[in-house]
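Engineer: Encoded as structure tokens, here's the structure I'll be asking about.
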Amino acid sequence: MAEDAFRGSILYGGSGFLEHLTGDGKRMRDISPFILCGGSGTRLWPLSREAFPKQFHKLTGAETLFQQTCRRFTGDLFGDLFVLSNHRHRFLIAEQLEASGLPATNIVLEPVSRNTAPAACIAALLAVDADPDRLVLLSPSDHMIADTDVFATAVTAGLGPARAGALVIFGITPDSPHTGYGYIEAEGDGPVLTVKRFVEKPSREAAEAYLDQGGFYWNAGIFLFRAKVLLELFETDAPDILAACRLALQGAVEDLTFKVLGEAYGRAPSISLDYAIAERAPNIACVPLTGSWSDAGSWSAVWNFMDKDVTGNVTQGEGEIILEATRNSFAYSEQPCVALLGMENVVVVAMEDAVLVAPKDYAEQVKGVVEQLKSNGRSHALQHNRVYRPWGWYQTLNRGERYQVKCIMVKPGGKLSLQSHHHRSEHWIVVKGTLEVTKGAETVLLSENQSTYIPIGEPHRLANPGKIPAFLIEVQSGSYLDESDIVRLDDIYGRGPHE
């Protein structure tokens, strides 16, 4: 779609942005789900890192948290799925949607992160373009919910109040005096309650009193509302956010299959929907969400959510884990063999390049470790040893003075950028599959056990024309081996110089 047509659908109606993205013009179902997918999940370090945060990992089964969230929003209640995220994770989102059998066409990108209030405003503006009375369900991407039927029942209970103009929030029945969550005090009988007040992250003593008193719920950060109603609330209580979001949609452009909001989005204050709107809303309802739930906010929260063995232990990951005389503990191993002996109430997370060991009571303080790594300029806070790209991934196997060895996987149809380097040469050895190698003006096919050499300054490119993933070993040598030594000459994914 041309940029002008994209802008026109937002401002002037016509076929409408939502209808355009569905492509077939069919009547939408009751609810437009909008998933917020921009978090970095630092409290689940070292598994979760900024370049590959927790929502894209498989913590509770065969699918990632993001994929499980998407799965909850398919079915008779829901129309086409939308995802709001940042630019950095766009290819991860598209790949995981496609792997789930879901269309990856409704991905909207924020130029800068601006918390949940501006994101909710964008969701409402997109929905109202198709139908002012359209219902929107706004949800984080990283929650763990054990029973999807229970969740669907709760959403159904909220439909009537939302259609009548209420801002509906979903509350979790607390099972402990948790101090890391906001609380909702609500009153009434039945599946829908009236919200009396919001309480932000109380003290331990206050949280214990809330549990004893009853009528308090953890704030899950999941909202259901009529698009028109939410925009009226923004007009009254946060007009600066509404104005910035309207301009951001006016300036929105297409980038491949992604919809990128205009720079005006950065003018919106970074504030939560709770602070900006919900705490001032005249008509707000709470639907209690029963059953097992977790926001995966810490390793102890993950342990608490998961099924445990007879000694209270939870083990995850592909590495071998041995537990002897160990109780009530969580162990995750990416690859290394991990043994816990005589331990109790601990968390052990072993990645290839980093290991976390902590008592479960200290699990929420992992964020401080990440901040220290950042301040020391260490990459462990930002990315894993295996770095994912839209064409596949690369993984460092060994590194020394003036050399580095990597394994590179190029997925079928994947194509690296045409690039050159100022400071390093490269040797490539194909170990599985077939790769198309461009080197200067020459393009050749290399299969297993064949190799080639890329001298310093030579433009080069890799592509996989086959139907299976292709692997090669890359040996770099030179005076500077960082990824910033890439001169990108052409790229089918439209990436910036350091992506």
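Engineer: Does F216 count as of a type in the set (F, W, Y) and closer than 17 Å to D133 by Cβ?
Structural biologist: Values: of a type in the set (F, W, Y): yes; closer than 17 Å to D133 by Cβ: no.
Spelling it out, it is not the case that F216 is of a type in the set (F, W, Y) and closer than 17 Å to D133 by Cβ.
Engineer: What number of residues within segment 397-419 are of a type in the set (S, T, Y) and either in contact with a helix residue (DSSP H, G or I) (Cβ under 8 Å, 6 or more places away or on another chain) or crowded, with 18+ Cβ neighbours inside 10 Å (or both)?
Structural biologist: Here is the first cut: in segment 397-419, the residues of a type in the set (S, T, Y) are 403, 417.
Okay, now just the ones that are also either in contact with a helix residue (DSSP H, G or I) (Cβ under 8 Å, 6 or more places away or on another chain) or crowded, with 18+ Cβ neighbours inside 10 Å (or both), so 417.
Count: 1.
Engineer: Which ranges mark the strands (runs of 3 or more DSSP E) fully within segment 205-297 that have 2 or more residues being buried (at least 18 other Cβ atoms within 10 Å of the Cβ) and over 21 Å from the mean Cα position of the chain (by Cα)? Reasoning before the result, please.
Structural biologist: Details: elements: 216-226, 253-255, 258-260, 284-289.
Passing ranges, in order: 216-226, 284-289.
Engineer: Looking at Q365, Q316, which one is open to solvent by 80 Å² or more (accessible area, probe 1.4 Å) and under 15 Å from P46 (Cβ atoms)? Give the derivation first.
Structural biologist: On the way: Q316 fails: open to solvent by 80 Å² or more (accessible area, probe 1.4 Å).
Of the residues listed, the single one that is open to solvent by 80 Å² or more (accessible area, probe 1.4 Å) and under 15 Å from P46 (Cβ atoms) is Q365.
Engineer: Open to solvent by less than 20 Å² (accessible area, probe 1.4 Å), of a type in the set (S, T, N, Q) and either in contact with a Pro (Cβ under 7 Å, 6 or more places away or on another chain) or over 30 Å from L489 (Cα atoms) (or both): does that describe S425?
Structural biologist: Details: open to solvent by less than 20 Å² (accessible area, probe 1.4 Å): yes; of a type in the set (S, T, N, Q): yes; either in contact with a Pro (Cβ under 7 Å, 6 or more places away or on another chain) or over 30 Å from L489 (Cα atoms) (or both): yes.
Against the criterion (open to solvent by less than 20 Å² (accessible area, probe 1.4 Å), of a type in the set (S, T, N, Q) and either in contact with a Pro (Cβ under 7 Å, 6 or more places away or on another chain) or over 30 Å from L489 (Cα atoms) (or both)), S425 qualifies.
Engineer: Here's another thing I want to ask about it. So if I check each of I468, I408, I454, which one is over 28 Å from the mean Cα position of the chain (by Cα) and among the hydrophobic types (A, V, I, L, M, F, W, C)?
Structural biologist: Details: I468 fails: over 28 Å from the mean Cα position of the chain (by Cα); I408 fails: over 28 Å from the mean Cα position of the chain (by Cα).
Selected residue: I454, the only one of I468, I408, I454 that is over 28 Å from the mean Cα position of the chain (by Cα) and among the hydrophobic types (A, V, I, L, M, F, W, C).
Engineer: Something else about it: All but one of (1) over 30 Å from G39 (Cβ atoms); (2) out of contact with any Leu (no Cβ under 8 Å at 6 or more places or on another chain); (3) in a strand (DSSP E or B) hold for T438; which doesn't?
Structural biologist: (2) is the only condition that T438 fails.
Engineer: Let me ask something else about it. Any idea which residue in segment 323-342 is nearest to R49 (Cα to Cα), counting only those that are open to solvent by 70 Å² or more (accessible area, probe 1.4 Å) and of a type in the set (A, V, I, L, M, F, W, C)? Steps first, answer last, please.
Structural biologist: Restricting attention to segment 323-342, the residues satisfying the condition of being open to solvent by 70 Å² or more (accessible area, probe 1.4 Å) are 324-325, 327, 335, 337, 339, 341.
So of that shortlist, the ones also of a type in the set (A, V, I, L, M, F, W, C) come out as 325, 337, 339, 341.
Details: A325: 31, C337: 22, A339: 24, L341: 28 Å.
Of everything passing the filter in segment 323-342, C337 is nearest to R49 (Cα to Cα).
Engineer: Assess whether L418 counts as being out of contact with any Lys or Arg (no Cβ under 7 Å at 6 or more places or on another chain), among the aliphatic types (A, V, I, L, M) and over 19 Å from E352 (Cα atoms). Quick ask: steps written out before the conclusion?
Structural biologist: Numbers: out of contact with any Lys or Arg (no Cβ under 7 Å at 6 or more places or on another chain): no; among the aliphatic types (A, V, I, L, M): yes; over 19 Å from E352 (Cα atoms): yes.
So L418 fails the test.
The values are calculated or read from the model by the stated rules, or taken from the named source; none is laboratory data. Model, not experiment: these values are computed from the prediction. So basically every Cβ, Gly included, is an ideal-geometry build from the backbone, and we count neighbours across all protein chains shown. Side chains included, ligands, DNA and RNA excluded: accessible areas come from the protein's heavy atoms. Shrake-Rupley method; radii C 1.70, N 1.55, O 1.52, S 1.80 Å.
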